[in-house]
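Derivation of every value follows stated rules applied to the coordinates shown; laboratory data play no part. Computed from a predicted structure; not experimentally measured. Here the Cβ positions follow ideal geometry from the backbone for every residue, glycine too, while neighbour counts run over all protein chains shown.
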Amino acid sequence: MNFEVLIPIFSVLMPVLLIWVIFYYNTKSEKNKYETIIEVSKNIKDSEEIKEILESLAERKKSSTDLRKTGLVTIFVGIGLVALDYFGLGTNVVFGVGLLVMFIGIGQMFAGYVYPNQPDEINKAVEGFEKE
């Protein structure tokens, strides 16, 4: 059998299979989470406690990523690409891609300092203290 024909077929089907597996397990996890919330809410008599549980779950979804941390990770990925090109490959293409990734990381860090997440965290703490 000619394996050269199978390579493009596997190349197209592997990403489709990967996306399907991710979607399947993500849906299964969400379903289990909602079933657990329903079971817990059946045993709780106070509606305020149920409201607090639902708000805490909504806050976890809404939590934004820290751009400073993401920017630092991206900068070091770019440094790794530049080092790979300098020490291993010797082509200017990977060096240029590494510099591009580094500058994206610098932009993310800059955005993290311009738009910090701390005011939101302070507001949540003050609101929680005022409730008590």
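Distance between the pseudo-spin-label points of Tyr115 and Glu4 (7 Å out from Cα toward the beta carbon): 5.1 nm. Net charge in the neighbourhood of Tyr24 (other residues with Cβ under 12 Å of its Cβ; Lys, Arg +1, Asp, Glu -1) is +1.
Radius of gyration over Kirkwood radius for segment 1-63, both on Cα atoms: the Rg/Rh ratio is 1.37. Stretched out straight at 0.36 nm per residue, the stretch from Glu30 to Glu52 would grow longer than its current Cα-Cα span by 6.0 nm. Calculated FRET efficiency, Leu72 to Ile22, Cβ-Cβ distance, R0 = 30 Å: about 0.65 to the nearest 0.05.
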